[in-house]
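The values are calculated or read from the model by the stated rules, or taken from the named source; none is laboratory data. Here the structure is a predicted model, which means the values were calculated and not measured. Neighbour counts run over all protein chains shown; Cβ positions are idealised from the backbone, glycine included. Note: areas computed on protein heavy atoms with side chains; ligands, DNA, RNA excluded. Shrake-Rupley method; radii C 1.70, N 1.55, O 1.52, S 1.80 Å.
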Amino acid sequence: MWWDERVSARFRRNLQPTLTYWSVFFSFGLCIAFLGPTLLDLRCQTQSSLSQITWVFFSQQFCLLLGSCLGGVFKRTLAQSLLALFASSLAISLVFAIIPLCHNVVVLAVVMAVAGLAMGCIDTISNMQLVKIYQKDSAIFLQALHFFVGFGALLSPLIADPFLSDTNCILANGTANASSNLPHIRKSLLPHHPGNLSRYELPMKGMVVTRVSYAFWIMALINVKPRILGCGQQVPQRTRIPGFGQTPRPFPFPSGSSEEAEGEVEPPKLSSAPHSGSSLAGHEDLFSCCQSKNFRGVSFTYFAVHITGALVLFMTDGIVGEYSGFVYSYAVEEPLAVVHKVAGYLPSLFWGFITLGRLISIPVSYRMKPATMVFINVVGVLITFLLLLIFSSSVVFLFVGTASLGLFLSSTFPSMLAYTEDILQYKGCATTVLVTGAGIGEMVLQLLVGSIIHDRGSYSFLVCGMIFGCLAFTFYALLVFFHRMYPKPCPELDEASPEKAAVPEDTGQYQR
């Protein structure tokens with residue numbers, strides 16, 4: 001096997017919860033990608049205008065960000081986190097089932113807001129719990145986690161495609177021009193930027209003919225059964241009190257210790273007192289992280305590591321959002337003027353290589369440090385945008401650059417999360433802060449780039465990407481600088497020491 005026996009044993013002990021987190025992230029991916037391709041059919045279903053239907057985008061993205069901030073509330077116990085994941089996954093399944101019944105755009109926006117909240121909770125809790133379970137071994141499992149979200153995002157449009165309308169789905173007179181350009185309108189429709197499509201008059205009244213409901217019901221069925229089987233069978237393993245006919249579980253030592261390998265250690269003494277501050281200091285929700293009690297006695301580098309790590313992901317996840325959203329519009333405009341059908345492959349190519357890159361990163365992350373992977377990612381993004389600017393008139397290089405950008409961006413988030421948590425010795429609020437920063441970046445930069453393209457033209461799309469890439473590299477350099485300044489842990493409290501192991505911790509182990 002390409003990983004050692006210690007990691008393999010740890011994975012086997014935590015197999016069920018790990019598979020649960022991976023499966024719910026697949027649901028997260030399904031929910032991310034379905035809205036774009038189906039939005040025109042949903043416009044017909046709700047009989048709304050283009051400008052009205054784009055508010056559905058905003059409601060989902062804003063509530064996803066809010067859910068990411070609140071997700072850490074459910075970290076107190078593993079039972080809470082699993083219950084929250086089960087509820088969130090079930091909510092997404094119900095949203096898929098309810099969407100065909102929403103015939104008003106406001107009702108649809110509210111339903112998508114619920115989906116956004118569920119997605120945000122899944123994002124924060126899954127990342128947080130995997131880091132909590134595996135700690136220094138978490139990089140490889142985080143890469144796998146983000147592969148599943150990419151796989152879901154790749155599969156969702158494929159499920160929806162056979163049910164999308166080939167002609168205008170509201171039958172009315174005088175819609176031939178719009179109907180013939182429907183694929184182009186579908187690819188160009190972006191959050192709060194339907195202005196470039198104002199020349200296409202789509203009817204709002206008439207007979208609605210759309211089969212998109214079947215796509216949502218299929219996704220609901222795909223989503224709900226694994227969630228019930230995966231989350232419903234999980235029961236947190238707790239230490240049993242001797243004398244009640246139950247054998248106490250051995251206390252699992254941190255990875256790499258000789259005690260863990262031998263399995264011949266005595267269980268820790270039980271205590272009704274709450275855990276020490278060191279064991280519960282990290283993995284808070286965003287609002288708990290901002291409480292003044294968490295800032296006592298910490299150096300300025302503690303804040304600097306959180307902020308610079310979040311800013312790197314603000315830029316890189318923002319690039320993912322703006323590139324996937326605007327690469328089609330950039331390709332069909334001058335000077336490239338790619339035909340609509342060919343340009344339509346660019347977003348799929350981008351997401352396909354993001355998924356491929358995450359799959360490749362699973363074994364690579366075991367052999368390579370997270371800091372090195374992040375460095376390769378940000379430098380690769382910077383070089384790719386530079387070459388895209390130099391060869392801006394080449395259609396072939398646009399496709400090559402799109403694939404390259406997807407590969408370099410694919411593993412940035414999980415690698416940065418593993419790197420930052422490792423710097424903070426898993427006692428900060430890095431997971432929540434980084435997830436929130438990434439969500440803000442994806443929402444804000446997409447809106448910002450859309451406004452700039454509308455005012456300055458399509459070429460500014462690549463210029464913005466280059467600027468964001470430079471900023472990401474700058475923030476990464478600052479993160480490395482603050483990492484060198486951050487105080488190192490005391491040798492006597494190293495992970496492999498008995499003193500450290502004697503502190504009771506919830507290690508995230510489960511049993512049926």
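Of the options Ser324, Leu388, Val435, report the single residue whose Cα projects farthest towards the positive end of the charge dipole of segment 298-488 (beta-carbon charges: Lys, Arg +1; Asp, Glu -1).
My answer, from the dipole projection, is Val435.
If you count only protein heavy atoms with a 1.4 Å probe, what accessible area per residue comes out for segment 298-488, rounded to a whole Å²?
Ligands and nucleic acids excluded, the result is 38 Å² per residue.
Where nothing but the Cβ of Lys and Arg (+1) and of Asp and Glu (-1) is charged, how large is the charge dipole of segment 298-488 around its Cα centre, in debye to the nearest 20?
580
Would you work out which of Leu447, Ala477, Gly406 lies farthest towards the positive end of the dipole of segment 298-488, given +1 charges on the beta-carbon of Lys and Arg and -1 on that of Asp and Glu, about the Cα centre?
Positive-most Cα among the choices belongs to Ala477.
So, with a 1.4 angstrom probe, what is the percent of accessible area on segment 366-460 that is carbon and sulfur?
Carbon and sulfur atoms account for 68 percent of the accessible area of segment 366-460.
Among 325-331, 479-485, 27-33, how do they line up by average Cβ neighbours within 10 Å per residue, starting with the highest?
27-33, 325-331, 479-485
Sort Phe86, Phe314 by heavy-atom solvent-accessible area, probe 1.4 angstrom, most to least.
Highest to lowest solvent-accessible surface, that is Phe86, Phe314.
Going by average Cβ density within 10 Å per residue, which order do the peptides 49-57, 138-146, 16-24, 157-165 take, highest to lowest?
In descending order of packing, they fall as 138-146, 16-24, 49-57, 157-165.
Residues of segment 101-143: accessible area per residue at 1.4 Å, in Å²?
Value for segment 101-143: 26 Å² per residue.
Using θ = phi - 60° and the Karplus relation 6.51 cos²θ - 1.76 cosθ + 1.60, list the HN-Hα couplings for segment 435-449 in order, rounded to whole Hz, with x at every Gly or Pro.
4, 5, x, 5, x, 5, x, 5, 7, 6, 5, 5, 5, 5, 5
Is the shape of segment 298-488 best called rounded, prolate or oblate, per the rule: a/c under 1.5 gives rounded, else a/b larger than b/c gives prolate, else oblate, with a ≥ b ≥ c the square roots of the Cα gyration tensor eigenvalues?
Prolate.
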